Amino acid sequence: MSRPGQGVMMPVNGLGFPPQNVARVVVWEWLNEHSRWRPYTATVCHHIENVLKEDARGSVVLGQVDTQLVPYIIDLQSMHQFRQDTGTMRPVRRNFYDPSSAPGKGIVWEWENDGGAWTAYDMDICITIQNAYEKQHPWLDLSSLGFCYLIYFNSMSQMNRQTRRRRRLRRRLDLAYPLTVGSIPKSQSWPVGASSGQPCSCQQCLLVNSTRAASNAILASQRRKAPPAAPPPPPPPGGPPGALAVRPSATFAGAALWAAPAAGPAEPAQPPGASPRSPSAPGGGGGGGGGGGGAPTPGQNNLNRPGPQRATGVSARASIPPGVPALPVKNLNGTGPVHPALAGMTGILLCAAGLPVCLTRAPKPILHPPPVSKSDVKPVPGVPGVCRKTKKKHLKKSKNPEDVVRRYMQKVKNPPDEDCTICMERLVTASGYEGVLRHKGVRPELVGRLGRCGHMYHLLCLVAMYSNGNKDGSLQCPTCKAIYGEKTGTQPPGKMQFHLIPHSLPGFADTQTIRIVYDIPTGIQGPEHPNPGKKFTARGFPRHCYLPNNEKGRKVLRLLITAWERRLIFTIGTSNTTGESDTVVWNEIHHKTEFGSNLTGHGYPDASYLDNVLAELTAQGVSEAAAKA
């Protein structure tokens, strides 16, 4: 049944500068590689808040409340999330919302992905959808948030405006996010969103308001010189005429550096932002850093959208008013030398001093080389062929686990009085797996020494470790990670292509480039995967990677081919970027996917990359010495 009322372009989400000493909903969020903030679940946020009350400079072990987050720890002092198994660090933030908003009510809006799983929208989008739902609007246009999607509440679906593809969405009730009462620390007192309500009277907010007033005067003078604006776009399909377009002011770390002058109730201030973008999966990746929508207005900042997500037809410098100096920011994603907060404060101080400033964006990453004709694509010298394919794993006639263990171990008659690092029992006593695991011919008190590294364990402990692994006939020492036998992985079937292209990588001016193309289709998980029989997704394929065509680059290519054939390049797991489970992910061997720049850390120049990837391959048992052996 259709919901009564008018459609809405994007209602104001009610964020901004909340009064001090009132209740607010706390949502902890992490920043993904697309510069979008992804919220933790309400359960995790409650856990973080409880730890924060006990020790504001301590650390939070997320695996204590969510088994899928076992590798992750949050350091409250540096406000970063740390993944223990890979060393990946991501910024986190403590954001605040009105208690009457969706997180305060425990309402979660989700969309259905290609694998049939439900993925939560970013928090700002969730609040926007809930506001429109409560006002009984029949539809909602997300273009002002930078997404090419329409939400239809009568059919509970989401439609891509460009492809017309529809996805299901749902609204469910979950645990409400935690409440906090009292003053917010200055470092956390600027939640991202449109300003509503009265700001506080602290010196920081007074500085922001005085800056805003000065900026408004500059914008007014620029707007009087600007040509008339284009008429507003027609309402989306299915929407009634006269749909109200309400857009929040764009913010940077919560401070509106370039807010538009006051407007009438029917035409609110239009913020800066990007034209609608069309991501590969709606809502995937992480939460955006603030409002934004419509065409950029001259003189306004456009900082809330990462470079790749802005409209391609509008350049960053095109929106800078004549005579206004530009303050360059190296990288707003936090990996450059200028931190976003430093850039924001610099702009505020310069504006307060009467100097108009417009912050510019970092350049876009150059992910691909210029077009290459087929005649210019050549084989890589010294590497036979141009393609390798992997098929489904052929199950070998597996030997008994104890036979594999005995192959690489020597019995120790008089073991030392020290711990077995697998069961943590003394080597002179029985294995901790006694009574749990029984194997004929393996007594729990037997101890063995690995041949090359010499580390000693209970035989029963090594049998248990092998039985819980890939069971491929190889054994890896749990202490020094030395590999015995040929280690194989769980990579799904796919194709690896490699060839030379007549372009050079940064830092290798006189050298052509080796391009590697990995392609893995979606499929069904096998017995070696986390959920056998269930469908897995393969996002972002084909994936292009690059190496310099020199001696070391060709050596890396040969070893990568070996790793591919052993199914070690990819695996099936949970994406660090989107949080999607049962999807193809990289497997501990880093690749360079950025061709002409190094803005994301996955490009060139990088003087240590080739040595680092050789070390990673060696850690997986892939090396020229191992191949010769």
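A few remarks follow.
- I524 exposes around 110 Å² of accessible area when a 1.4 Å probe is run over every protein chain in place.
- Residues with amide H under 5 Å from that of Y149, placed H, sequence gap 5 or more: L142, S143, R161
- Placing R0 at 25 angstrom, the Cβ-Cβ distance between K374 and D606 gives a FRET efficiency of 0.25 after rounding to 0.05.
- The listed residues M424, M409 rank as M424, M409 when sorted by accessible area, largest first, using a 1.4 Å probe.
- For the range 33-146: rounded, prolate or oblate by the Cα gyration tensor [a/c cutoff 1.5]: prolate
- For I422, the accessible surface of its heavy atoms amounts to roughly 40 Å² (probe 1.4 Å, protein chains only, rounded to the nearest 10).
- Ligands, DNA and RNA excluded, the heavy atoms of Y466 present near 20 Å² of accessible surface to a 1.4 Å solvent probe.
- Sorting the Cα pairs of the range 76-124 by distance into bins of 5 Å, from 0 upward, gives 5, 15, 15, 15, 16, 24, 9, 2 percent per bin.
- C387, C423, C126, ranked by accessible area, largest first (probe 1.4 Å): C387, C423, C126
- Around E425: net Lys/Arg minus Asp/Glu count, Cβ-Cβ under 15 Å: -3
- Modelled spin labels at N550 and K391, positioned 7 Å past Cα toward Cβ, are 4.0 nm from each other.
- FRET efficiency for K105 and N470, using Cβ-Cβ distance with R0 set to 41 Å, rounded to 0.05: 0.35
- In this simple spin-label model, placing a label point 7 Å from the Cα along the Cα-to-Cβ direction at both E434 and E624 gives a separation of 5.0 nm.
- Note on surface exposure: V108, V428, V377 rank V428, V377, V108 by accessible area, highest first, 1.4 Å probe.
- A simple rule links phi to the HN-Hα coupling: the Karplus curve 6.51 cos²θ - 1.76 cosθ + 1.60 with θ = phi - 60°, which for the range 55-68 gives 8, 6, 10, x, 10, 10, 8, 6, x, 5, 10, 9, 5, 6 Hz, with x for Gly and Pro.
The values are calculated or read from the model by the stated rules, or taken from the named source; none is laboratory data. Just so it is clear, the model here is predicted, and its values are computed rather than measured. Using ideal geometry, Cβ is built from the backbone for each residue, glycine included, and neighbour counts are taken over all protein chains shown. Each accessible area value is taken on the protein alone, full model and side chains, heavy atoms only, with ligands, DNA and RNA left out. Shrake-Rupley method; radii C 1.70, N 1.55, O 1.52, S 1.80 Å.
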